Amino acid sequence: MPDALIVGAGPAGLMAAGELANAGISVQVVDAMPSVGRKFLMAGKSGLNLTKDEALDQFIARYDCPELNHILRAFDNSAVQGWANDLGQDVFTGSSGQVFPKAMKTSPLLRAWLVRLRGQGVEFQTRWRWTGWNDGYIFQTPEGEKTLTPKVCVLALGGASWSRLGSNGAWSGLLAEKGVELAPFKPANMGFVVDWTPYMQKHFGAAVKGVILTAGKKSVRGEFVISKRGVEGSGIYAVSKEMRDGAPLSLDLMPDWTQEKIAARLNKPRGKTTLMNHMRKALKLDAAKLALLQEFARPLPTKQGKLATLIKSVPINHCGPRPMDEAISTAGGISFSALGDDLQLRELSGTFCAGEMLDWEAPTGGYLLTGCFATGRWAGRSAAKYLGGVDL
């Protein structure tokens with residue numbers, strides 16, 4: 001039986017497996033799904049954003065989690081790029097600073113990674129579902145119940161979203177039974193429900209671009225999509241934490257224009273033209289932005305100053321976040337107070353944790369994957385050190 005067990009074959013688990021194998025330790029990776037890296041593959045469906053190319057202090061600040069600082073510095077955004085290049089998957093940086101493999105997809109990178117791990121002797125078992133402890137780790141498998149008794153274990157079971165890809169948070173009950181402190185799960189990087197009027201149906205699927213979204217103290221420039229269910233997309237995800245925690249959302253539809261400039265343009269004679277057509281012509285507002293004004297600010301003020309103020313801060317009323325299982329990621333999970341600096345569970349000696357299981361959250365744009373890579377690497381190296389292998 002291998003000395004090290006990895007439960008969960010996502011980015012964090014695979015990174016931990018590689019670190020243990022590098023230290024000359026025999027490793028077995030098990031996963032409940034029929035194949036490995038299911039959510040990792042989904043993450044690259046529209047382009048695999050591995051990390052963000054920006055100053056390290058700025059990068060780390062995006063996590064707002066001091067417990068991760070030393071782990072991210074040990075395997076930062078530059079290291080992720082070097083790691084991918086070393087696997088033969090060259091990367092490039094887009095205009096926004098987001099880093100992608102040149103192939104854009106996850107599958108070539110994952111294939112190269114698995115070839116390397118298997119070459120290091122890492123063993124894989126799929127359709128093995130962890131169900132708890134007895135004298136060891138108990139799994140339900142196609143061949144019946146199996147018990148493994150490794151010297152060390154790294155748990156990398158994901159968060160509580162995208163259950164169809166293997167992340168359902170069911171592990172939390174098993175750890176709670178052992179007295180491990182857990183923070184409640186919350187959706188992160190998710191869309192929000194809007195109870196649209198029938199007027200909005202023709203705008204479903206429309207992109208709202210070049211706006212500033214403000215929720216609480218956070219403002220970001222970005223874009224989002226008007227969907228049948230509400231609002232979603234990168235701009236919404238960037239302020240989703242503040243919205244989830246109760247901050248109202250507002251939009252600046254014309255961030256490059258001052259309120260005074262907007263009012264001056266609106267002050268031009270419009271004759272018999274309707275107010276909506278006047279705004280479209282004078283301000284070049286597209287149909288989606290005009291529709292949002294109609295939806296959330298009726299009746300529109302007729303005085304140019306008040307209308308200009310509204311255009312700079314349109315309130316977007318919503319009914320709360322979409323269900324957690326639809327979120328890109330989740331907050332909550334294993335509290336850092338339950339872990340040592342080496343990511344070892346205080347209640348379970350020799351058991352380490354990594355990835356979305358931990359209580360941290362980060363925006364989309366490469367931060368989520370880098371966090372999983374970095375914590376997986378740290379947990380793997382910590383487990384190797386526990387066995388007398390590498391130093392951190």
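The values are calculated or read from the model by the stated rules, or taken from the named source; none is laboratory data. On a predicted model such as this, the values are computed, not experimentally measured, just so you know. Quick reminder, even Gly has a Cβ in these numbers, built from the backbone with ideal geometry, and neighbours come from all protein chains shown.
Before moving on, here are some points about what is shown:
- Whichever residue in segment 86-101 is over 21 Å from the mean Cα position of the chain (by Cα) and part of a loop (DSSP other than H, G, I, E, B) and, among such residues, is farthest from residue 367 (Cα to Cα): 88
- Residue list for segment 253-282, restricted to those being of a type in the set (Val, Ile, Thr) and surrounded by 13 or more Cβ atoms within 10 Å (Cβ to Cβ): 262, 273
- Residues considered: 350, 376, 380. Of these, the only one that is under 30 Å from residue 178 (Cβ atoms), assigned by TED's automatic domain parsing to the domain that holds residue 26, more than 26 Å from the chain's Cα centre (by Cα) and touching a residue at least 12 places away in the same chain (Cβ under 8 Å) is 350.
- Of all the numbered requirements in (1) touching a strand residue (DSSP E or B) at 6+ places or on another chain (Cβ under 7 Å); (2) aliphatic (A, V, I, L, M); (3) part of a helix (DSSP H, G or I), residue 30 misses one, and that requirement is (3).
- So residue 368, is it in the same structural domain as residue 12 (by TED's automatic domain parsing) and not in a loop (DSSP other than H, G, I, E, B): yes
- Filtered by the rule that a residue be surrounded by fewer than 18 Cβ atoms within 10 Å (Cβ to Cβ), farther than 24 Å from residue 244 by Cα, outside the structural domain of residue 257 (by TED's automatic domain parsing) and in contact (Cβ under 8 Å) with a residue 40 or more places away in the chain, segment 175-214 gives 177, 178, 179.
- Any pair with Cβ under 6 angstrom, 6 or more apart, that starts in segment 101-119 at a residue that is free of Cβ contacts under 8 Å to residues at least 60 places away in the same chain and ends at one that is surrounded by fewer than 16 Cβ atoms within 10 Å (Cβ to Cβ): 102/90; 102/92; 112/88
Yes/no matrix, rows are residues, columns are (1) assigned by TED's automatic domain parsing to the domain that holds residue 352; (2) at pLDDT below 95; (3) not small (Gly, Ala, Ser):
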| site | (1), (2), (3) |
| --- | --- |
| 12 | yes, no, no |
| 31 | yes, no, yes |
| 51 | yes, no, yes |
| 55 | yes, no, no |
| 67 | yes, no, yes |
| 70 | yes, no, yes |
| 101 | yes, no, yes |
| 105 | yes, yes, yes |
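- Of the residues making up segment 92-99, one or more are at negative phi, surrounded by fewer than 21 Cβ atoms within 10 Å (Cβ to Cβ) and hydrophobic (A, V, I, L, M, F, W, C).
- Verdict on residue 71 being surrounded by 18 or more Cβ atoms within 10 Å (Cβ to Cβ), under 25 Å from residue 343 (Cα atoms) and free of Cβ contacts under 8 Å to residues at least 24 places away in the same chain: no
- Residues of segment 47-68 that are more than 19 Å from residue 331 (Cα to Cα) and either free of Cβ contacts under 8 Å to residues at least 12 places away in the same chain or loosely packed, with under 13 Cβ neighbours inside 10 Å (or both): 55, 56, 57, 58.
- Residue list for segment 294-305, restricted to those being surrounded by 13 or more Cβ atoms within 10 Å (Cβ to Cβ) and either farther than 17 Å from residue 274 by Cα or of a type in the set (D, E, K, R) (or both): 295, 296, 305
- Answer from 240, 172, 219 - the residue that is in the same structural domain as residue 296 (by TED's automatic domain parsing), surrounded by fewer than 22 Cβ atoms within 10 Å (Cβ to Cβ) and among the hydroxyl-bearing types (Ser, Thr, Tyr): 219
- Matching residues, segment 139-168, being surrounded by 14 or more Cβ atoms within 10 Å (Cβ to Cβ), among the β-branched types (Val, Ile, Thr) and free of Cβ contacts under 8 Å to residues at least 24 places away in the same chain: 141
- Any hit, segment 182-191, residues being over 19 Å from the mean Cα position of the chain (by Cα) and under 30 Å from residue 382 (Cα atoms): yes
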